[in-house]
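Structure first, then comments.
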Amino acid sequence: MPTDDPIRNLALAAIDADRQIKTFLQPGVKRENIAISTLFRFANDPGYELPADLAQHLENDPIAQANLMRIISNAALEHIPMLAAAASDTVTRRETDKTVLILTPSRADPAQIYLTIEMKDPEAARPSQIFVSAAEGQWHKLQLAPFVGVRTQTILESEHEVIVALSHPEAVVYFR
Amino acid sequence: MFAVHILTTDGPVAIQRISEEDPVVSSVICLDGRAQALPISPAYDAFVRNPVGVIEKMTGHAAYRMDVSSRIDEGRSWQLAAYIAHVAARQPDAGPMQIYASGEIDSDLRVRSVEYVDLKLAALAQALPKSQANQQPAIILVPAQDAPLPEHINGIPVYAVSTVEQALALVGLNTPEQIDATEKLSPGARFMQMKSRATVVLILLSVLIFWVGGDLARWSALMEQGRILDLEEALIAADQSAFKRFHTGLYRQWLAFNKPGIDSFHVDGDLIVARDEAACSDPAKRQTSVLGTEYNGPNVICAVEMRAVTEDSKMSIVGRMGYWPTGLGQGPRADRVMRGSKEASGRTWSLTFRNRPQKGAALRLVVIAGGGEIHGAQPWYQALLSSPLGSLSFNTAARRLDALGFVVKAYDWHRE
């Protein structure tokens, strides 16, 4: 469904209204401050980033996190689950039956990291962005460079939020 | 200072730096030292990497990063300047020279014509000071073409070139040797020839033929890149030819010769248990013991840590650990399959549990040791992680790796 579809927008507005009513009618229930339509836009509009206040709220709101995960995972081409806690070192490689994700420090500038994603199946659909769910409840997304064959590569600063999140074994990665 | 600039219709773009990168990444053109790869980076990677590229043939290295001062969005006219910059990077004694170049390079190192040379020269004229008096030597290089060229731009001479060799001679650089994988190995071949004796002349001649054929170079390159599955397929394909079967036989002998011994690395582990779930999160209340092969106590199993260690610094150890909550090979696939973290002396695999191991739960650690890392698809793990030790499927998978110069060790643990 296209992101500007009027029927989709109407449905999202109805879901938002329904949630607000339920929240107001239940005394003592913590109010959800991130609308479903906002989460949907974050998941589907590559150019949209959550405003700082909503991003911070998302970190502390497990309901919103669960909603966002549902929206993202429902349309994900592939996902890489969290790794078991490693005894040492940061994570530099994640692999499933379908994809390999590798972080390689640049020799020219070690403060920059190459993020490489390789699809094992040459016929598989190519993702255009990744979402990373960090251990602290944060969500990050990254627009991928166009694939060349089965491979795409992006160079990022080592302090980039996506690189920091991917370095931890608890991160979960979704391809869309 | 020796400086190379790419001519564009928006003015000259300086090549600021050329650096070697890890060959596992693709070559990139970055903007001004920033973590920003330009969209033409895939074209630069093709320009560098064998078999299409020309830079790896010259340098023997497969991945570079080139930083430029401004954006270059399309075309291939940056290739002549990039080639000169790569050559200059390997000849640090080159004298001071400012080079402005435009041209496409083909695989025979001929310089091919490009579009908008007149506009690029006009843009250069605007960007340069009006006189080059008292400036360091400079030269402009463009492809030979039918259209007339100006003799100079703001005092800088313009030369039309049709080959890279001409261009390098004009800027005072030596033409580098084009190397390929076959030539890279030839010193070794010569060394072996020197040591030849009459009784092994026949073998040496065979080896020489083998090397000239280039098969060893290709297979060694695959091994070096960790593309083990590709190597296996290449060897199997070569086995179809009676002539090449001799080559694969020699190469397999070489792999067997370099294969580590089964006792050259060791595998052990720790079992971390606690009285109850809550105690698992308190390090003071957890108990650690040697892993063994089974556990039949009453405690909750918090975590398992396995290690593979070696004193051989040249040996590469990889592996995976799979968790089977209802027994080895039961269910669709191992619940959590993980690679180990790398340490100086080996690898460590640590596994914590969302679903604690109950009676019947099993863990399988598979460790593969050899002369290099393994990258890409590794279909043998499915059998190695799920099949009983000694079973036909396990042994078949282990034999595939054995034939490629790797040793496999497996460690099983289960809860009674």
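Could you compute how much accessible surface B:GLU151 exposes when probed at 1.4 Å, giving the result in Å² to the nearest 10?
B:GLU151 exposes around 150 Å² with every protein chain in place.
Obtain the nm distance between the two label points defined at A:LYS98 and B:ASP22 by a simple spin-label model: each point lies 7 Å from its Cα along the Cα-to-C-beta direction.
2.5
Roughly speaking, what is the centre-to-centre gap between segment B:366-393 and segment B:216-270 when only Cα atoms are used, to the nearest Å?
15
Can you work out the FRET efficiency for the pair A:GLU49 and B:PHE246, with r the C-beta to C-beta distance and R0 = 45 Å, to the nearest 0.05?
In this case the efficiency is close to 0.15.
Run the simple label-point estimate for A:GLN56 and B:GLU74 please: 7 Å along Cα→C-beta, distance reported in nm.
Spacing of the two 7 Å Cα→Cβ label points: 4.5 nm.
List the residues, sorted by chain then number, that are 5 or more residues from B:ALA144 or on another chain and whose placed amide H is less than 5 Å from its amide H.
Sorted by chain and number, the residues that satisfy this are B:VAL161, B:SER162.
Add -39500 (n - 2.57) for each DSSP H run of 4 or more in the protein assembly as shown, then divide by its residues: what number comes out at 222 nm, to the nearest 500 deg cm²/dmol?
Helix-only estimate at 222 nm: -9500 deg cm²/dmol.
Under 5 Å between amide hydrogens, which residues at least 5 positions from B:ILE29 or on another chain qualify, with H placed 1.01 Å from N in the peptide plane?
Excluding prolines and chain starts, which carry no amide H, the hits are B:LEU38, B:SER41, B:MET66.
Specify the angular offset, from 0 to 90 degrees and rounded to the nearest 10, of the alpha carbon long axis of helix B:215-224 from the longest principal axis of the alpha carbons in chain B.
Taking Cα atoms only, the helix is inclined about 70 degrees.
What residue among B:LYS120, B:LYS57, B:LYS285 shows peak mean-square fluctuation when chain B is described by a Gaussian network model with Cα springs under 10 Å?
B:LYS285
Loop-only GluC sites (Glu not before Pro) in segment B:231-340, please: DSSP not H, G, I, E or B, and at most 11 other Cβ atoms within 10 Å.
Here the sparse-neighbourhood loop sites are B:GLU311.
What quantity of accessible surface, computed with a 1.4 Å probe and excluding non-protein components, is buried in total between chains A and B, in Å² to the nearest 100?
Counting protein atoms only, the buried area is about 2300 Å².
Compute the distribution of all C-alpha to C-alpha distances in the protein assembly as shown, in bins of 10 Å from 0, and list the percent of pairs in each, rounded to whole numbers.
Histogram of Cα-Cα distances, whole percents per bin: 3, 13, 19, 21, 19, 14, 7, 3, 1, 0.
What are the ³J(HN,Hα) values, in whole Hz, obtained from phi via the Karplus relation 6.51 cos²θ - 1.76 cosθ + 1.60 with θ = phi - 60°, for each residue of segment B:143-151 in sequence order, with x given for Gly and Pro?
My calculation for segment B:143-151 gives x, 4, 8, 6, 5, x, 10, x, 6 Hz in order.
If every alpha-carbon in chain B counts as one equal scatterer, what log10 I(q)/I(0) does Debye give at q = 0.09, 0.14, 0.15 1/Å?
Rounded to two decimals, the profile gives -0.77, -1.14, -1.23.
Provide the per-residue ³J(HN,Hα) series for segment B:306-321, in order, calculated from phi with Karplus coefficients 6.51, -1.76, 1.60 and θ = phi - 60°, each as a whole number of Hz, with x at glycine and proline positions.
10, 9, 10, 10, 8, 9, 8, 5, 7, 7, 10, 10, 10, x, 9, 10
Need one value for B:24-35: mean number of C-beta atoms belonging to other chains within 10 Å of its residues' C-beta atoms.
Rounded to a whole number, the mean comes out at 5.
Output the lone cysteines of chain B: those with no second cysteine's C-beta under 4.7 Å from their C-beta.
Here B:CYS30 come out as lacking a disulfide-compatible partner, given the Cβ-Cβ threshold of under 4.7 Å.
So, in Å, what gap is there between the alpha-carbon centers of segment B:80-97 and segment A:47-121?
Between the Cα centres of segment B:80-97 and segment A:47-121 lies a distance of 40 Å.
Between B:ARG34 and B:GLN91, what is 0.36 nm times their sequence separation minus the Cα-Cα distance? Round to one decimal in nm.
Extending this stretch completely gives an extra 17.9 nm.
Which far-off residues, 5 or more places away or on another chain, put their amide H under 5 Å from the one on B:VAL111, with H placed in the peptide plane?
Those qualifying (amide H under 5 Å, at least 5 residues apart or on another chain) are B:THR163, B:VAL164.
Under a plain spin-label model, where a point goes 7 Å from the Cα along Cα-to-Cβ, how far apart in nm are B:GLN178 and B:ASP146?
Placing both labels 7 Å along Cα→Cβ, they lie 2.8 nm apart.
Antiparallel DSSP bridges in chain B: what percent, to the nearest 5?
Approximately 75 percent, going by the DSSP bridge assignments.
Kindly express, to the nearest 10 degrees and within the range 0 to 90, the angle between helix B:392-403's C-alpha long axis and the longest C-alpha principal axis of chain B.
40
Among B:LYS259/B:LYS409; B:LYS259/B:LYS314; B:LYS244/B:LYS409, which pairs are too far apart, with a Cα-Cα distance over 20 Å?
B:LYS244/B:LYS409
Quick check: with the 1.4 Å probe, what order do A:HIS168, B:HIS86, A:HIS160 take by accessible area, largest first?
Largest accessible area first, the list is A:HIS168, A:HIS160, B:HIS86.
How large is ³J(HN,Hα) for each residue in segment B:20-25, as worked out from phi by the Karplus curve 6.51 cos²θ - 1.76 cosθ + 1.60 (θ = phi - 60°), to whole Hz, x for Gly and Pro?
After applying 6.51 cos²θ - 1.76 cosθ + 1.60, I find 6, 10, 4, x, 6, 9 Hz.
Taking only Cα atoms, what is the 0 to 90° angle, nearest 10, from helix B:201-213's long axis to the longest principal axis of chain B?
Long axis of B:201-213 versus the principal axis of chain B: about 70 degrees.
The values are calculated or read from the model by the stated rules, or taken from the named source; none is laboratory data. This one's a predicted model, so the numbers in the text were calculated from it and none came from an experiment. Note that we place each Cβ from the backbone using ideal geometry, even for glycine, and neighbour counts take in every protein chain shown. Please note that ligands, DNA and RNA were not included when accessible areas were found on the heavy atoms of the full protein model with its side chains. Shrake-Rupley method; radii C 1.70, N 1.55, O 1.52, S 1.80 Å.
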